[in-house]
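The structure appears right after this line, and notes come after that.
The values are calculated or read from the model by the stated rules, or taken from the named source; none is laboratory data. In this text, all values refer to a predicted model and were calculated from it rather than measured experimentally. Methodologically, a virtual Cβ is constructed for each residue, glycine included, from the backbone with ideal geometry; neighbour enumeration extends over all protein chains shown. The accessibility values were calculated without ligands, DNA or RNA, using every heavy atom of the protein model including side chains. Shrake-Rupley method; radii C 1.70, N 1.55, O 1.52, S 1.80 Å.
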Amino acid sequence: MTVEKLQRWHLDLLADQGVAEARPPLEYFDATVASGPAYAGYVPAGVVTCMGLILLAPGVYRCWALTDPILASRHFLAVNKAMRGFLVEHPFPRIETVVLVGNIAGARWAKLQGFESEGIMRNFDNERDALLYARVNRG
C-alpha cells in the first residue's frame with residue numbers, strides 16, 4: 001500500500017468507490033489540511049483509507065479515518081500499520097476519535113490503535129449516540 005499526503009481527489013475517489021461518508025463538506029477537508037496532518041493509502045484497485053487529525057483545542061486533536069471496507073479487509077495489516085505509524089509520528093498530548101454506537105469495526109479499530117473508551121456521547125450525530133475514545137500521550 002502506498003501512503004501519501006491527503007489530497008481532495010483521494011476523498012472523491014473513495015466516494016466514487018461507494019464510501020458515502022467520503023464526501024465531507026469542503027470546510028472539513030480544509031480544516032484537516034490547515035490544522036493537522038492527513039494521509040491517504042491506496043493500492044492499484046483504489047483508495048483504501050484516508051486519515052487525518054483536526055485541531056480541536058491547544059494540544060487536543062480529533063482523529064478521523066474513512067476506509068473502503070472491501071479494500072481495507074484485504075489490506076488490514078497494511079492499514080493498521082500505516083495508522084499506527086501515523087499516530088506514533090504525531091504524538092500530540094491528546095488525540096480523540098468518535099465511533100458511532102453499533103460500528104463494531106470502528107470500535108475494534110480504535111482499540112487496536114491504542115485508544116481507550118471514555119464514554120458515550122448522546123445525540124452526537126443526527127440523533128445517534130457515539131462512543132468517545134482518546135489516546136493520551138504523556139511527555
Seminar exercise, completed: The answer for the stretch 40-139, accessible area per residue at 1.4 Å probe in Å², is 55 Å²
Exercise. Using a basic spin-label model with each label point 7 Å from the Cα along Cα→Cβ, how many nm lie between residue 94 and residue 55?
Worked result: 1.6 nm
Exercise. How far is it, in nm, from the label point at residue 30 to the one at residue 7 when both lie 7 Å from their Cα along the line to the Cβ?
Worked result: 2.0 nm
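So what is the calculated 222 nm ellipticity per residue for the chain, using -39500 (n - 2.57) for each DSSP H run with n of 4 or more, over all residues, to the nearest 500 deg cm²/dmol? Could the numbers behind the result be given before it?
Values: 5 runs with 48 residues, N = 139.
It comes out at -10000 deg cm²/dmol, rounded to the nearest 500.
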Exercise. Which FRET efficiency value, to the nearest 0.05, is calculated for residue 138 and residue 80 with the Förster distance at 22 angstrom and r the Cβ-Cβ distance?
Worked result: 0.40
Seminar exercise, completed: The extension gain from residue 15 to residue 121, computed as 0.36 nm times the residue separation minus the Cα-Cα distance, is 35.5 nm
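Only bridges with both residues in the chain count here: give the DSSP antiparallel percent, nearest 5.
Rounded to the nearest five, the antiparallel share is 90 percent.
With viscosity set to 0.692 mPa s at 37 °C, what whole-number translational diffusion coefficient in µm²/s follows for the stretch 81-139 from Stokes-Einstein and a Kirkwood radius over Cα pairs? Intermediate results must be reported in sequence, preceding the final value.
Details: Rh = 12.0 Å.
Estimated via Stokes-Einstein, D reaches 274 µm²/s.
Return the carbon/sulfur percentage of the accessible area of the chain, one whole number, probe 1.4 Å, all protein chains in place. Walk me through the numbers before you get to the answer.
Values: 4400 of 7790 Å².
It is 57 percent, rounded to a whole number.
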For this session: Give the value in nm², to one decimal: projected area of the alpha carbon convex hull of the stretch 49-105, averaged over all directions.
Result: 4.2 nm²
Seminar exercise, completed: Taking the chain, the equivalent ellipsoid from its C-alpha gyration tensor has semi-axes in Å, biggest first, of 22, 17, 16
